[in-house]
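Down below is the structure, laid out as structure tokens.
The values are calculated or read from the model by the stated rules, or taken from the named source; none is laboratory data. Quick caveat: nothing in here was measured; it's all calculated off a predicted structure. Cβ atoms come from the backbone with ideal geometry, glycine included; neighbour counts cover every protein chain shown. To get the accessible areas, we keep the full protein, side chains included, count just its heavy atoms, and leave off ligands, DNA and RNA. Shrake-Rupley method; radii C 1.70, N 1.55, O 1.52, S 1.80 Å.
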Amino acid sequence: MMNNCKKYLWMLVAALSLFCAVACNKEEEEEETKPSMTGTIKFDLPTYIPINELRQLTASGITYPEKVDYKWMIKAMYSDTLYGESVIVRFPDSLGTFVVTSLATADGYYVSTTSKETTTVDTTALIGSLQGLSVASSYFVDPRDKKTYGYETIGKLDWFTENLAWEGCGAPFKSSEIMTHIFGRYYSWNEATGGVSADGLGAGPQGACPPGWSVPTNADWVDLATAMNDGKELKFHDLWVEIGERASAIAYFNETKMWEYWPDNLHTNDFYWNGLPCGYSLQNNGNFKGIYEYGMWWSATEKDASKAYYRYIYMKESSFPASYGAKNDYGMTVRCVRIASE
């Protein structure tokens, strides 16, 4: 009797296992035959966004089926799912990085999703995203857009203590306009200078700079280095050892240290020039490189018909050497200068 019970129990277990296997296989077959939607969800969201930004998000890109329902998930901001092809959301008034996910659903189709990250930015001067810069002793208001720039008299010239942020040309970091207020803008040499090469002290073209200011020439850069070298003259093509250290600042963006610590470059910022490692751009500002590693600034003096000079600071070294790049292939930051008043 006991043996028969065991036999029937074994047969029951086997039957249940077979049933489960058949059911699972059926579900897998149904899943495999379920079609995907045609197209990919798209929505516009910059990599960086102002704090407290009220923004409309609109999903598109699914071409089939014709009728789909859209949902939005922003877990760090909203506990509930948002519904609709277009929604209006308010980003926090605090710093952080947020993941926004858009989902498209339709009966009988796989769910389609797209996620993007954005980081909030605060441009407030004292408590904002950019901290650690020296405060300039003088200020200038650009009459074109009313932006205010700090400047210091170094040597025979007044120098901007921040990167040019004029929006008449050039591009912001990662297509995020708010970053113009943090890093300045990235300009090709032709955009920066208007295609005009020059040399001589204070003799550069106005280019993208405000009226009364100019893009620094090789001679202007030499005057800066000589002043930072305690008056001992340097040549343009010298390495300018220790000048990069004296021209760069220990700064923080959203509480992240921008220059990585290296003992050969302590970023003493002795002259309040506030050099930052904003890197450079390629492919018409579609590809940004060298962020937090290099600071790079154009000279108004060309090397030849297709290339122009620039100066750069590398995070590991105290120097401030010169190099040259293609006038239209590179996007770099710009400082503006003018002859200092007596």
Selected residue [open to solvent by less than 40 Å² (accessible area, probe 1.4 Å) and closer than 20 Å to LYS174 by Cα] from THR114, THR105, THR97, THR47
THR114
From the list ASP220, ASP199, exactly one residue is acidic (Asp, Glu), at pLDDT 95 or above and farther than 12 Å from VAL337 by Cβ. Which is it?
ASP199
Scan region 296-322 for residues that are buried (at least 16 other Cβ atoms within 10 Å of the Cβ) and more than 22 Å from PRO205 (Cβ to Cβ) and jot them down.
ILE313, TYR314, MET315, GLU317, SER318, SER319, PHE320, PRO321
Check VAL196 against each of (1) closer than 30 Å to GLY128 by Cβ; (2) open to solvent by 30 Å² or more (accessible area, probe 1.4 Å); (3) part of a loop (DSSP other than H, G, I, E, B) and name the one condition it does not meet.
(1)
With the checklist (1) out of contact with any Phe, Trp or Tyr (no Cβ under 8 Å at 6 or more places or on another chain); (2) at pLDDT 90 or above in hand, flag the one item ALA59 doesn't pass.
(1)
Near pairs, Cβ below 9 angstrom, 6+ apart or cross-chain, from region 281-295 (of a type in the set (A, V, I, L, M, F, W, C)) to any residue that is open to solvent by 50 Å² or more (accessible area, probe 1.4 Å):
LEU282/LYS289; LEU282/ASP329; LEU282/TYR330; PHE288/LYS174
If I filter region 254-265 for residues that are touching a residue at least 60 places away in the same chain (Cβ under 8 Å), surrounded by 16 or more Cβ atoms within 10 Å (Cβ to Cβ) and either out of contact with any Pro (no Cβ under 6 Å at 6 or more places or on another chain) or under 21 Å from ASP142 (Cα atoms) (or both), do I get at least one hit?
yes
Pairs returned, first residue in region 215-230 that is in contact (Cβ under 8 Å) with a residue 60 or more places away in the chain and surrounded by 24 or more Cβ atoms within 10 Å (Cβ to Cβ), second residue that is in a helix (DSSP H, G or I) and of a type in the set (Ser, Thr, Tyr), beta-carbon separation under 9 angstrom, 6 or more apart or interchain, are VAL215/THR193
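Mind telling me which of the residues ASP230, ASP238, ASP220 ends up being more than 26 Å from LYS303 (Cβ to Cβ) and either of a type in the set (Asp, Glu) or in a helix (DSSP H, G or I) (or both)?
Selected residue: ASP230, the only one of ASP230, ASP238, ASP220 that is more than 26 Å from LYS303 (Cβ to Cβ) and either of a type in the set (Asp, Glu) or in a helix (DSSP H, G or I) (or both).
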Mind checking which residues of region 323-342 are under 15 Å from MET296 (Cβ atoms), crowded, with 19+ Cβ neighbours inside 10 Å and of a type outside the set (Ser, Thr, Tyr)?
GLY325, LYS327, GLY331, MET332, VAL334, ARG335
Mind listing whichever residues of region 228-271 are in contact with a Lys or Arg (Cβ under 8 Å, 6 or more places away or on another chain), more than 30 Å from THR124 (Cβ to Cβ) and aliphatic (A, V, I, L, M)?
MET228
Give me a count of the residues in region 310-342 that are farther than 23 Å from GLY170 by Cβ, of a type in the set (A, V, I, L, M) and in a loop (DSSP other than H, G, I, E, B).
2
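Looking at region 139-192, which of the residues that are farther than 29 Å from LYS232 by Cα and among the acidic types (Asp, Glu) is surrounded by the fewest Cβ atoms within 10 Å (Cβ to Cβ)?
The qualifying residue surrounded by the fewest Cβ atoms within 10 Å (Cβ to Cβ) is ASP145.
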Only one of (1) within 19 Å of ALA249 (Cβ to Cβ); (2) under 22 Å from the mean Cα position of the chain (by Cα) fails for VAL100. Which number is that?
(1)
